Amino acid sequence: MTKAVRFHKTGGPEVLQLDDVQVGDPGQGQARIRHTAIGVNFIDTYQRSGLYPMQLPATAGNEGAGVVEQVGSGVTALKVGDRVAYTGQVGSYCTERLVQADRVVKVPEGISDEQAASMMLKGMTVQYLIHSTYPVKKGDTVLWHAAAGGVGLIACQWLKALGVTVIGTVGSPEKAKLAKAHGAEHVIDYSKENFVERVKEITGGRKVPVVYDSVGKSTWEGTLDCLRPLGMWVSFGNASGAVPPLNTGILAQKGSLYLTRPTLVTYTASREDLEARSKSLFDIVKSGKVKIEITARYKLADAAQCHRDLEGRKTTGSVILLP
């Protein structure tokens, strides 16, 4: 019997429960995989809380890595025994599951299962944000909120490798040290400092062309004041809560600013994009320029505590569940 962490109603971490579930044979275009590691992300908490509605009961989780146990008809790119990883298929908090085979990628030599499970969503998010949403170039200075989070630590390293100066915001001295150690040139502890004023000081009043913001409610107003005219606010998360309804006229008042709310789903919608972005991520990790550091491992049965720690800002870097 397969074990799965599900929620039968929305709410806090306490709604997560370990259930026995049946997993059948893979159908057309599907594969059955046995998880070896499961990634944990803030989007998991949005789904569990009801911020992102789901059909209930639902199995939590959005990324994982494992081994192909069985393939369905029409699947030719995968075979039994392949090491694979994926993101964007809800329901990863389980020991085994069915996945759409065309949304899975093979894990290359040099990348561990734990690394793959913990970086598919976070790493490919960084990939599309810095290469496509706002394509950075050498010499740019950017502002990255939550620089010590799982996405932030990957971004700090990758941006530094590209010759980009990162100004990162964090919420504690410990997180400031972590962001600095991973490539952020300047780190602002917003629990002690006004990040808008510090950005202006660091840039000599020029401000920045782009702000990558996964925090949302508590940062969005200040974010606009950090952008130079024609700058771009990339809002890709709501760690502090959703951004309230916005009068778009404020974008004109602040300097004809751009606002985008991108998702990884859109940027990997085609198989071609999925393969290209995952290859870009695997290559930068294998080069050693970006290190995927797993800072916490929880048993699958302890998913509720994992969510408490995640929402309580007690975690940094990448967090995984082990079946």
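The values are calculated or read from the model by the stated rules, or taken from the named source; none is laboratory data. These figures come from a predicted structure and were not determined experimentally. All Cβ positions, even for glycine, are placed from backbone atoms using ideal geometry, and neighbour counts span all protein chains on display.
Pick from THR266, THR295, THR315: which is out of contact with any strand residue (DSSP E or B) (no Cβ under 8 Å at 6 or more places or on another chain) and of a type in the set (S, T, N, Q)?
From the options THR266, THR295, THR315, the qualifying one is THR266.
Check segment 283-298 and report whether any residue there is under 30 Å from ASP19 (Cα atoms) and of a type in the set (Val, Ile, Thr).
Yes, segment 283-298 has at least one match.
With the condition being more than 19 Å from THR268 (Cα to Cα) and basic (Lys, Arg), I'd like the strands (runs of 3 or more DSSP E) fully within segment 12-126 carrying at least 1 qualifying residues.
30-40, 83-87, 96-100
Given (1) closer than 29 Å to LYS291 by Cβ; (2) among the acidic types (Asp, Glu); (3) surrounded by 16 or more Cβ atoms within 10 Å (Cβ to Cβ), identify the lone condition not met by GLU109.
Result: GLU109 passes all but (3).
The rows are residues; the columns are (1) touching a Leu at 6+ places or on another chain (Cβ under 9 Å); (2) hydrophobic (A, V, I, L, M, F, W, C).
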| residue | (1), (2) |
| --- | --- |
| ALA58 | no, yes |
| GLY64 | yes, no |
| LEU78 | no, yes |
| ARG83 | no, no |
| GLN100 | no, no |
| VAL104 | yes, yes |
| TYR128 | yes, no |
| GLY139 | no, no |
| GLY150 | yes, no |
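I need the full set of residues from segment 159-183 which are under 14 Å from GLY317 (Cα atoms) and of a type in the set (A, V, I, L, M, F, W, C), in order please.
Within segment 159-183, VAL170, ALA176, LEU178, ALA179, ALA181 meet the criteria.
Identify, from the list VAL265, VAL211, the residue that is within 21 Å of ILE130 (Cα to Cα) and either in a helix (DSSP H, G or I) or of a type in the set (Ser, Thr, Tyr) (or both).
Only one candidate passes the filter, namely VAL265.
Among the residues that make up segment 35-48, is at least one of them modelled with pLDDT of 95 or more and over 27 Å from GLY317 (Cβ atoms)?
No, segment 35-48 contains no residue that is modelled with pLDDT of 95 or more and over 27 Å from GLY317 (Cβ atoms).
Is it true that some residue in segment 217-234 is within 16 Å of the chain's Cα centre (by Cα) and surrounded by fewer than 20 Cβ atoms within 10 Å (Cβ to Cβ)?
Within segment 217-234, none of the residues are within 16 Å of the chain's Cα centre (by Cα) and surrounded by fewer than 20 Cβ atoms within 10 Å (Cβ to Cβ).
Would you please name the residue that is farthest from ARG313 (Cα to Cα), looking only at residues in segment 133-146 that are in contact with a helix residue (DSSP H, G or I) (Cβ under 6 Å, 6 or more places away or on another chain) and modelled with pLDDT of 95 or more?
Per the stated criteria, the residue is VAL136.
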